[in-house]
Amino acid sequence: MNVKIEESWKRHLAVEFEKPYFVQLTQWVRQEYAANTCYPPGSLIFNAFNLCPFDKVKVVIIGQDPYHEPGQAHGLSFSVQDGIAYPPSLQNIFKEISDDLGVPMPKSGNLTRWAQQGVLLLNASLTVRAHQANSHSRLGWQTFTDAAIRALAAERQHLVYMLWGGYARSKAYMIPRDNNLVLESVHPSPLSANRGGWFGQHQFSRCNEYLKQNGQTPIAW
């Protein structure tokens with residue numbers, strides 16, 4: 001199949017595009033976008049990959065599925081487009097970054113700037129029907145995004161994996177811990193974060209310290 005995705009990812013995931021599940025997934029997604037309002041816009045479905053080539057990845061942050069309200073989702077986990085109010089989880093992420101690193105809260109929740117520095121903002125499902133969380137979670141996207149995680153685990157090392165909440169943490173078994181840093185915590189959503197285990201974990205400074213120790217430029221969070 002001729003999938004429009006960044007070339008280095010296309011090479012590493014080429015075998016997936018020919019598998020029956022992905023052919024079926026593509027057909028289902030096209031039908032969904034034709035019949036319903038879905039997010040993100042079709043041109044941004046692979047935005048996380050397009051902004052962060054395979055060999056440039058330093059950090060992996062795994063979300064579950066895109067935001068499902070108008071104007072929010074643009075293909076990057078936890079990120080919203082310019083001019084959109086921070087969703088509660090993103091607000092807690094920024095608060096922890098501010099407390100951890102002593103930097104001010106940003107003016108925009110658009111995390112393109114992270115992606116361009118090597119943060120793969122990967123949702124397990126890359127599409128969603130409007131107003132219906134997890135509505136595309138059974139289409140087959142997880143098989144594809146798990147393949148992306150496995151490719152990184154097999155061919156890259158000294159990456160930082162940030163696994164927030166039970167769903168993201170369920171992916172930990174795919175990641176070698178001897179040559180990567182795996183940071184696990186509760187989800188930054190208010191329901192989880194306010195119970196403890198999100199604030200004060202210093203994940204962002206720990207991430208940057210690990211990157212520096214391994215000869216990489218830290219992330220300007």
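The values are calculated or read from the model by the stated rules, or taken from the named source; none is laboratory data. For clarity, every value in this text was computed on a predicted model and none was experimentally measured. Ideal geometry is used to build each Cβ from the backbone, glycine not excepted, and the neighbour counts take in all protein chains shown. Protein only, heavy atoms only, side chains kept; ligands, DNA and RNA dropped before computing areas. Shrake-Rupley method; radii C 1.70, N 1.55, O 1.52, S 1.80 Å.
The label-point distance for Glu155 and Val23, in a model that sets each label 7 Å from Cα toward Cβ, rounds to 2.4 nm.
Among the trypsin sites (Lys or Arg not before Pro) in the range 1-76, those located in a DSSP loop and surrounded by at most 16 other Cβ atoms within 10 Å of their own Cβ are Lys4. Its Cα gyration tensor gives the range 26-87 an equivalent ellipsoid. The semi-axes, each the square root of 5 times an eigenvalue, are 21, 17, 9 Å from largest down.
May I ask you to work out the translational diffusion coefficient for the range 125-219 at 4 °C, viscosity 1.567 mPa s, via Stokes-Einstein with Rh from the Kirkwood sum over Cα pairs, reported in whole µm²/s? Rounded to a whole number, D works out at 86 µm²/s.
For the chain, the fraction of C-alpha pairs more than 27 angstrom apart is 29%. Expressed as a whole percent, the accessible surface of the range 31-83 that belongs to carbon and sulfur atoms is 49, based on a 1.4 Å probe. Applying 1/(1 + (r/R0)^6) with r as the Cβ-Cβ distance of Met105 and Thr143 and R0 = 41 angstrom yields a FRET efficiency of 0.65. Across the range 72-144, the volume of the C-alpha convex hull divided among the residues equals 104 Å³ per residue.
Straightening the chain between Val3 and Phe199 buys 66.6 nm, computed as 0.36 nm per residue apart minus the Cα-Cα spacing.
How much FRET efficiency would the formula 1/(1 + (r/R0)^6) give for Arg30 and Ala172, where r is the Cβ-Cβ distance and R0 is 30 Å, rounded to 0.05? My answer for the efficiency is 0.35.
Net length available on complete extension from Asp55 to Val182 is 43.8 nm, with 0.36 nm assigned per residue and the Cα-Cα distance removed.
Considering only the chain, what is the antiparallel percent among its DSSP beta bridges, to the nearest 5? So the antiparallel bridges amount to about 20 percent of the total. The residues of the chain have, on average, 45 Å² of accessible surface per residue, using a 1.4 Å probe with all protein chains present. Close lysine pairs were tallied over the chain: pairs 8 or more places apart or on different chains with Cα atoms under 19 Å apart number 9.
For the listed peptides 148-156, 99-107, 209-217, a ranking on the average number of other beta carbons within 10 Å per residue, highest first, reads 148-156, 209-217, 99-107.
Shown is the FRET efficiency for His131 and Gln216, computed with R0 = 41 Å from the Cβ-Cβ distance and rounded to the nearest 0.05: 0.55.
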